[in-house]
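The values are calculated or read from the model by the stated rules, or taken from the named source; none is laboratory data. Everything quoted here is computed from the prediction, not taken from an experiment. Every residue, glycine as well, gets a Cβ built from its backbone with ideal geometry; the counts of neighbours run over all protein chains shown.
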Amino acid sequence: MAIILGYIASSLDGFIATQNDSLDWLFKYDGIELGEHDYRHFIKRIRTVVMGRGTYDFLERDSSPWAYAEQRVLVVTSRPITAPRGALETRSDIDELIAELRGLGDGDVWVLGGGKLQMAFLERGGLDEIEIYVMPEIIGGGRPLFPAMGFEASPTLIDAQAMDRGCVRLHYRF
């Protein structure tokens, strides 16, 4: 059975992007030393990447090569994607998607990107663990790590570590 994971960076004041979806505050940390927790190690265990339409649209605008050619990619959207950037499938029903993901046995699942999708998974008991990389930046507003939806939870802390350049890694299980 696949483990469904979150792996995300946040500013110290709890935002994952600025109001205009800029990640410039985060790109200042390119090259940060995360050791065994580095993205390049993390992505090797991921077989399926799930993202919302906003994250897909953000990645589609990026001129870099498609980063998920080695993974199955599922985009949660109700709108068609007419010219997909890479091989992908779409889903619109999150409950059905979680059931589908629970049935996978070929590797772990990463819920990539926005807090809205991760919150939808959390509300349905569909996120098993999350790694949050808190960066020493206060950006003053933007896209929250966890949008205020009225959902409450008490995850179990698995690990907390001070990392390179003032980053703190928090790893929780739900």
Inset, instruction - Tally the residues that are hydrophobic (A, V, I, L, M, F, W, C) and in contact with a His (Cβ under 7 Å, 6 or more places away or on another chain), restricting the search to the stretch 126-174. - result: 1
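Across the stretch 93-116, which residue is nearest to THR48 (Cα to Cα) among those that are part of a loop (DSSP other than H, G, I, E, B) and not charged (D, E, K, R)?
Start the filter on the stretch 93-116 by keeping residues that are part of a loop (DSSP other than H, G, I, E, B), which leaves 93, 103-107, 113-114.
This time we only want the ones that are not charged (D, E, K, R), so: 103-105, 107, 113-114.
Numbers: GLY103: 12, LEU104: 9, GLY105: 11, GLY107: 7, GLY113: 14, GLY114: 16 Å.
Ranking the qualifying residues of the stretch 93-116, first place goes to GLY107.
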Legend entry - Subset of the stretch 8-22 [exposed (fewer than 13 other Cβ atoms within 10 Å of the Cβ) and at pLDDT 95 or above]: none
Legend entry - Criterion: assigned to a helix (DSSP H, G or I) and closer than 29 Å to GLY31 by Cβ - qualifying residue of ARG169, ARG165: ARG165
Legend entry - Any hit, the stretch 50-59, residues being touching a helix residue (DSSP H, G or I) at 6+ places or on another chain (Cβ under 9 Å), surrounded by 11 or more Cβ atoms within 10 Å (Cβ to Cβ) and part of a loop (DSSP other than H, G, I, E, B): no
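Any residue that is touching a Pro at 6+ places or on another chain (Cβ under 8 Å), in contact (Cβ under 8 Å) with a residue 12 or more places away in the chain and more than 26 Å from TYR29 (Cα to Cα) - is there at least one of those in the stretch 84-101? Walk me through how you get there before you give the answer.
Of all residues in the stretch 84-101, those touching a Pro at 6+ places or on another chain (Cβ under 8 Å) come to 90.
Checking the rest, the ones that are also in contact (Cβ under 8 Å) with a residue 12 or more places away in the chain come to 90.
Then drop every residue that is not more than 26 Å from TYR29 (Cα to Cα), which leaves 90.
Looking through the stretch 84-101, at least one residue is touching a Pro at 6+ places or on another chain (Cβ under 8 Å), in contact (Cβ under 8 Å) with a residue 12 or more places away in the chain and more than 26 Å from TYR29 (Cα to Cα).
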Legend entry - Scope the stretch 7-34; condition free of Cβ contacts under 8 Å to residues at least 60 places away in the same chain and under 23 Å from VAL109 (Cβ atoms); matching residues: LEU23
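Give the residue that is nearest to ASP95 (Cα to Cα), with candidates limited to residues of the stretch 123-153 that are in a loop (DSSP other than H, G, I, E, B) and among the charged types (D, E, K, R).
First, the residues of the stretch 123-153 that are in a loop (DSSP other than H, G, I, E, B): 124-128, 136-142, 145-153.
In the following step, the residues that additionally are among the charged types (D, E, K, R) were identified as 124, 128, 137, 152.
Numbers: ARG124: 7, ASP128: 15, GLU137: 35, GLU152: 19 Å.
Checked the stretch 123-153; the qualifying residue nearest to ASP95 (Cα to Cα) is ARG124.
May I ask you to list the residues in the stretch 1-43 that are assigned to a loop (DSSP other than H, G, I, E, B) and either farther than 19 Å from ALA162 by Cα or among the hydrophobic types (A, V, I, L, M, F, W, C) (or both)? It would help to see each step written out before you state the result.
As a first pass, look at the stretch 1-43 and keep what is assigned to a loop (DSSP other than H, G, I, E, B): 1-3, 12-14, 18-23, 28-34, 38.
Result: MET1, ALA2, ILE3, LEU12, THR18, GLN19, ASN20, ASP21, SER22, LEU23, ILE32, LEU34.
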